[in-house]
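The values are calculated or read from the model by the stated rules, or taken from the named source; none is laboratory data. Bear in mind the structure is a predicted one, so any value in this text is a computation, not a measurement. Here the Cβ positions follow ideal geometry from the backbone for every residue, glycine too, while neighbour counts run over all protein chains shown. Surface areas here come from the heavy atoms of the whole protein model, side chains and all, with no ligands, DNA or RNA. Shrake-Rupley method; radii C 1.70, N 1.55, O 1.52, S 1.80 Å.
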There are 2 protein chains.
Amino acid sequence: MTTAKRDTYTPETLLSVAVQVFNERGYDGTSMEHLSKAAGISKSSIYHHVAGKEELLRRAVSRALDGLFGILDEDHARVGRAVDRLEHVVRRMVDVLISELPYVTLLLRVRGNTDTERWALERRREFDHRVAELLKAASADGDVRADIDVRLATRLVFGMINSVVEWYRPDGRGAGEREVADAVARLVFEGLRGAG
Amino acid sequence: MTTAKRDTYTPETLLSVAVQVFNERGYDGTSMEHLSKAAGISKSSIYHHVAGKEELLRRAVSRALDGLFGILDEDHARVGRAVDRLEHVVRRMVDVLISELPYVTLLLRVRGNTDTERWALERRREFDHRVAELLKAASADGDVRADIDVRLATRLVFGMINSVVEWYRPDGRGAGEREVADAVARLVFEGLRGAG
């Protein structure tokens, strides 16, 4: 039995508790009982807000996906040379990863056992594809090196960017959001030997 | 009950079955029962080879760690300018990741609940530190850009390299080992805009 506290949750604040539990225990390993315990309210109170844990997952990954897809609608991602648009997208991906850290962490760990997980994977692939298209366009413009396969380059660049969720901690002691975005953009576009 | 087959395992072949199960179910989520089922031999047959699942974990992550630390003892990692030694290490890390894929995958997923896991994390940190020292030396030589913090650069470069375990499949259809190592080295040292 959970010592029930008064339910003052909004769907938004309940979501932030759920995402933390999902990231700690894994989505599969999380029961409504775990969510109820973490939130300090009864299961029926949770059902008052959402239909179940899959709805919480859908809302959480939607938040991450909306952040990422939102980047592609920004002016700097739509207008200009492909390589500059790509650089804007890379920087902003780091921003979104950091500002929506727990939500993007969850998105990146989704494996695909439920409809919601499969949908999330599909949307992630769509986003990756949009970025790969930008890289391809920059390559066609002759603005990025031609001696790396576009698909391989996309995967490696995503690998570097996504790794940020593994170690970034918003405690103010490590590198700040701006410093990380700058470092990623410099490494991705100019490399370690680049003009420093 | 498992339908026991004749135990023709060596510690080596048993290890390769165990690593696959650990990677699929997670180390915590794997019981001796799961290992017995996957290997098709009884639990007591497994105990004939090893003291338990923690010994299998130790052997598996040791194999990955030996591969990685072995790189640092190679001539090209010990002699020459720091930046060239670093490039050698980066390329060889990709080689080891690919040739020891399941073992390195397991190493990268270790979280630290048991003594063996904590020891593996400690050794990983030691390896990261050795590579960071090389990057620092290359920076002191003026051979790598000075406008990215060494610790941050190390993390991002490791992020790119380690991401290979997420998508590399040794089925001969995607990029080969050499192509991936070349792509990583080019991106890390010269970036996307580099002379292609």
Integer Hz, Karplus 6.51/-1.76/1.60 couplings in order for segment B:132-139, x for Gly and Pro: 4, 5, 5, 5, 5, 5, 5, 5
Cα long-axis angle, helix B:82-99 against chain B (0 to 90 degrees, to the nearest 10): 30
Relative contact order (%) - segment A:58-190, alpha-carbon pairs under 8 angstrom, separation at least six: 33
Loop sites in segment A:40-106: chymotrypsin sites (Phe, Trp or Tyr not before Pro), DSSP, at most 13 other Cβ within 10 Å: none
Alpha carbon centroid spacing (whole Å) that separates segment B:107-163 from segment B:79-102: 13
Dipole magnitude of chain A about its Cα centre (Cβ charges: Lys, Arg +1; Asp, Glu -1), debye to nearest 20: 460
Theoretical gain in end-to-end length, A:ASP66 to A:ARG169 [0.36 nm per residue, Cα-Cα removed]: 34.9 nm
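Could you give the alpha-carbon Rg of the protein assembly as shown over 2.2 N^0.38 Å, rounded to two decimals?
Working: Rg = 22.8 Å, N = 392, 2.2 N^0.38 = 21.3 Å.
The reported ratio for this selection is 1.07.
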Nearest-first distances (nm) between copies at A:ARG125, label 7 Å from Cα via Cβ: 3.9
Per-residue mean of C-beta atoms belonging to partner chains within 10 Å, peptide B:162-171: 3
Inter-label distance, nm, simple model (7 Å from Cα along the C-beta direction), A:SER16/B:ARG109: 3.2
Per-q log10 I(q)/I(0), segment B:11-50, q = 0.15, 0.30, 0.33, 0.35 Å⁻¹ (Debye; single scatterer per alpha-carbon; no solvent): -0.28, -1.09, -1.23, -1.30
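Ordering B:HIS49, A:HIS76 by accessible area with a probe of 1.4 Å, largest first, what comes out? Don't jump to the answer; show the numbers that get you there.
Values: B:HIS49 35, A:HIS76 125 Å².
The ordering from most to least exposed comes out as A:HIS76, B:HIS49.
How would B:GLU179, B:GLU24 line up by accessible area, probe 1.4 Å, largest first?
Numbers: B:GLU179 85, B:GLU24 140 Å².
The residues order as B:GLU24, B:GLU179, largest area first.
Per DSSP H run of at least 4 residues, take -39500 (n - 2.57); add these up for chain B, divide by its residues and hand me the 222 nm value, nearest 500 deg cm²/dmol. It would help to have the intermediate numbers written out before the result.
Details: 11 runs with 138 residues, N = 196.
Rounded to the nearest 500, it is -22000 deg cm²/dmol.
Where the accessible area of segment B:1-122 is counted over protein heavy atoms with a 1.4 Å probe, how much of it, in %, is carbon and sulfur?
Numbers: 2940 of 6020 Å².
Its accessible area is 49 percent carbon and sulfur atoms.
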Accessible-area ranking of B:ARG111, A:ARG173, A:ARG59, largest first, probe 1.4 Å: A:ARG173, B:ARG111, A:ARG59
Alpha carbon centroid spacing (whole Å) that separates segment B:1-76 from segment A:48-72: 38
Förster radius 41 Å - calculated FRET efficiency between B:MET32 and A:ARG81 (Cβ-Cβ, nearest 0.05): 0.10
Where labels lie 7 Å past Cα in the beta-carbon direction, separation of B:GLU133 and A:THR8 in nm: 5.3
Shielding score for B:135-145, defined as the mean number of other chain Cβ atoms within 10 Å: 2
Dipole of the protein assembly as shown, positive direction: furthest Cα of B:THR30, B:GLY142, B:TYR168, with charges on the beta-carbon: B:THR30
Gaussian network model of chain B, Cα within-10 Å springs - most flexible of B:ILE148, B:ILE41, B:ILE98: B:ILE148
Summed buried accessible area for B+A [probe radius 1.4 Å, Å², rounded to 100]: 3500
D (Stokes-Einstein, µm²/s), Kirkwood Cα radius, chain A, 0.692 mPa s at 37 °C: 179
Residue-level accessible surface for B:ARG186, protein heavy atoms, 1.4 Å, Å²: 80
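Accessible area per residue, 1.4 Å probe, Å², for the protein assembly as shown: what's the number?
Values: 19010 Å² over 392 residues.
Value returned for the protein assembly as shown: 48 Å² of accessible area per residue.
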Area accessible to solvent at A:GLU54, 1.4 Å probe radius, in Å²: 70
